1. Quick check: is even one residue across segment 62-71 at pLDDT below 90 and surrounded by 12 or more Cβ atoms within 10 Å (Cβ to Cβ)?
2. Give the number of residues within segment 107-122 that are within 18 Å of the chain's Cα centre (by Cα), buried (at least 24 other Cβ atoms within 10 Å of the Cβ) and outside any strand (DSSP E or B).
3. Tell me whether segment 131-139 contains one or more residues that are at pLDDT 95 or above, under 14 Å from residue 110 (Cα atoms) and surrounded by 24 or more Cβ atoms within 10 Å (Cβ to Cβ).
4. Residues of segment 160-173 being farther than 13 Å from residue 146 by Cα and either outside any strand (DSSP E or B) or within 23 Å of the chain's Cα centre (by Cα) (or both), which ones?
5. Could you please give the count of residues in segment 150-182 that are on the phi > 0 side of the Ramachandran plot and in contact with a strand residue (DSSP E or B) (Cβ under 7 Å, 6 or more places away or on another chain)?
6. Report yes if some residue within segment 169-188 is crowded, with 22+ Cβ neighbours inside 10 Å, under 22 Å from residue 87 (Cα atoms) and at pLDDT 95 or above; otherwise report no.
7. So which residues in segment 96-118 are touching a residue at least 40 places away in the same chain (Cβ under 8 Å) and closer than 13 Å to residue 146 by Cα?
């Protein structure tokens with residue numbers, strides 16, 4: 001076959017392929033398009049609604065972010081579950097910029113203002129301790145306060161149990177204008193020990209033994 005005949009044959013095949021593609025399109029079918037042969041179809045399909053893939057439907061399909069809880073300056077008591085910091089968090093910086101101590105009365109709340117002092121009572125043991133809200137958390141549904149391991153032990157919350165039902169009663173609540181609002185636990189006698197930080201968390205049992 002001469003060079004001219006070969007060129008004619010290639011041209012004829014090209015025209016035939018083009019006509020075949022046009023015919024499929026006219027019948028409502030789309031010929032397969034191959035780009036990167038290493039990309040499986042499933043991977044391409046999975047990008048639907050993916051913001052990273054630039055899908056315009058991403059904003060409508062993506063779940064809305066959880067609303068940030070409002071800061072509670074009411075001073076009212078709240079009941080929920082308490083957990084405590086894992087040891088690995090000791091020495092890390094808290095939301096107020098101070099260092100978290102596993103042996104102090106620092107605590108975390110998502111709703112109480114930083115600097116709030118509160119009385120935390122284990123509703124299963126009746127034991128209480130004073131805490132200062134210095135961090136944010138816990139981020140688990142139903143939990144309202146994270147305690148230091150020392151505070152947790154002082155109210156009867158063991159490491160094995162991990163979580164317990166508590167009442168968190170604010171004593172003093174900082175206000176945006178620099179003032180302080182007294183909470184529902186402000187008249188509790190255990191408040192008198194709030195300055196004894198060097199002794200660590202104070203339980204109701206300790207208070208009773210000193211009086």
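The values are calculated or read from the model by the stated rules, or taken from the named source; none is laboratory data. Owing to the predicted nature of the structure, the values given are computational and were not obtained by experimental measurement. Glycine also receives a Cβ, built like all others from the backbone with ideal geometry; neighbour counts cover every protein chain displayed.
1. Step one: of segment 62-71, the residues at pLDDT below 90 are 62-69.
Adding the requirement that they be surrounded by 12 or more Cβ atoms within 10 Å (Cβ to Cβ) leaves 62.
Yes, some residue in segment 62-71 is at pLDDT below 90 and surrounded by 12 or more Cβ atoms within 10 Å (Cβ to Cβ).
2. In the first step, residues of segment 107-122 are kept if they are within 18 Å of the chain's Cα centre (by Cα); the result is 107-114.
Those still in the list that are buried (at least 24 other Cβ atoms within 10 Å of the Cβ) too: 107-109, 112.
Now drop any that are not outside any strand (DSSP E or B), which leaves 109, 112.
Within segment 107-122, residues that are within 18 Å of the chain's Cα centre (by Cα), buried (at least 24 other Cβ atoms within 10 Å of the Cβ) and outside any strand (DSSP E or B) number 2.
3. Yes, segment 131-139 contains at least one residue that is at pLDDT 95 or above, under 14 Å from residue 110 (Cα atoms) and surrounded by 24 or more Cβ atoms within 10 Å (Cβ to Cβ).
4. Quick first cut of segment 160-173, residues farther than 13 Å from residue 146 by Cα only: 160-161, 169-173.
Residues satisfying the conditions are 160, 161.
5. Filtering segment 150-182 down to residues on the phi > 0 side of the Ramachandran plot leaves 156, 162, 178.
Those left that are additionally in contact with a strand residue (DSSP E or B) (Cβ under 7 Å, 6 or more places away or on another chain): 156, 162.
The number of residues fulfilling the criteria is 2.
6. Step one: list which residues in segment 169-188 are crowded, with 22+ Cβ neighbours inside 10 Å, which gives 170-171, 173, 183, 185.
Right, trim to under 22 Å from residue 87 (Cα atoms) and you get none.
The answer is no; no qualifying residue exists.
7. Filtering segment 96-118 for residues touching a residue at least 40 places away in the same chain (Cβ under 8 Å) gives 100-107, 109-118.
Residues satisfying the conditions are 100, 101, 102, 104, 105, 106, 107, 109, 110, 111, 112, 118.
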